[in-house]
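What follows is one structure encoded as structure tokens, with my remarks underneath.
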Amino acid sequence: MAVRPILTLEDPRLRKKSIRVKRVDASIQGLIEDMLETMREGDGQGLAAPQIGVLLRVIVAEYVDEDTEDLHQMILVNPEITTREGSWMADEGCLSVPGYWGTVPRAERIAVRAKDRHGKELRFKSDGRMAHILQHEIDHLDGVLYVDYLKSLDDLQKVESATKRRRRRWRTRDGSDDMVEPAEPNGEVVEPSATQATSG
Ligand SMILES: [Zn+2]
């Protein structure tokens, strides 16, 4: 396992389309381990292989639910979003765009087809925070960064210092609510904004 350097915005490799993994073998397992370690080191909630310069369709996502303290983790090979439903404006950051965050449109619910880290076929539906992270990471596999959804890079916000940031409470459509954090400094994906979570 090793922490690998993360490519940043200006690196042309972030703009390439990554290729499908043909066989989930030991080299892919090693890549996954490095990605998990690199994501955790950067305090991110997700990472895509091209962010460490490996142009293969592999993503990892991981976060701890602040309320239940449950660990949510997904490791996906060749992921594809087959259905998108609903939309909201999501605050997110990216380990490849350190120090900034922005608000971009995302689907509320997605259906995904992928392989797991053992090569087993998966089909599942996702919503909430995990769906948000997966959309961001899968975009990376096609050379898309969240900043591409902004009208201008001037719409990027500088991350506030940790002491200024406050958890925000937002209410989902089904009435449940969730404690969420705004964009982390290095954060790969963050949270629904209060306005959007309640908009139609
Ligand atoms: Zn990212």
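Just so you know, in region 107-158 the residues that are of a type in the set (D, E, K, R) and in contact with a Gly (Cβ under 9 Å, 6 or more places away or on another chain) include one that is farthest from Ile32 (Cα to Cα), and it is Asp155.
Looking across region 42-85, the residues that are at positive phi and free of Cβ contacts under 8 Å to residues at least 60 places away in the same chain come down to Gly53, Glu69, Asn78.
Take the conditions among the basic types (Lys, Arg), on the phi < 0 side of the Ramachandran plot and either within 15 Å of the ligand (Cβ to nearest atom) or in contact with a Cys (Cβ under 7 Å, 6 or more places away or on another chain) (or both) and apply them to Arg123. Does it pass?
Values: among the basic types (Lys, Arg): yes; on the phi < 0 side of the Ramachandran plot: yes; either within 15 Å of the ligand (Cβ to nearest atom) or in contact with a Cys (Cβ under 7 Å, 6 or more places away or on another chain) (or both): no.
So Arg123 does not fit the description; no.
Among the residues of region 76-109, those identified as away from the ligand (no atom under 16 Å from the Cβ), crowded, with 19+ Cβ neighbours inside 10 Å and closer than 26 Å to Gln29 by Cα are Val77, Asn78.
FYI, it's all coordinate maths here, none of it is from the lab. Note that the structure is predicted; figures quoted are calculated from it, not measured. Positions of Cβ are backbone-derived with ideal geometry, glycine not excepted, and every protein chain shown enters the neighbour counts.
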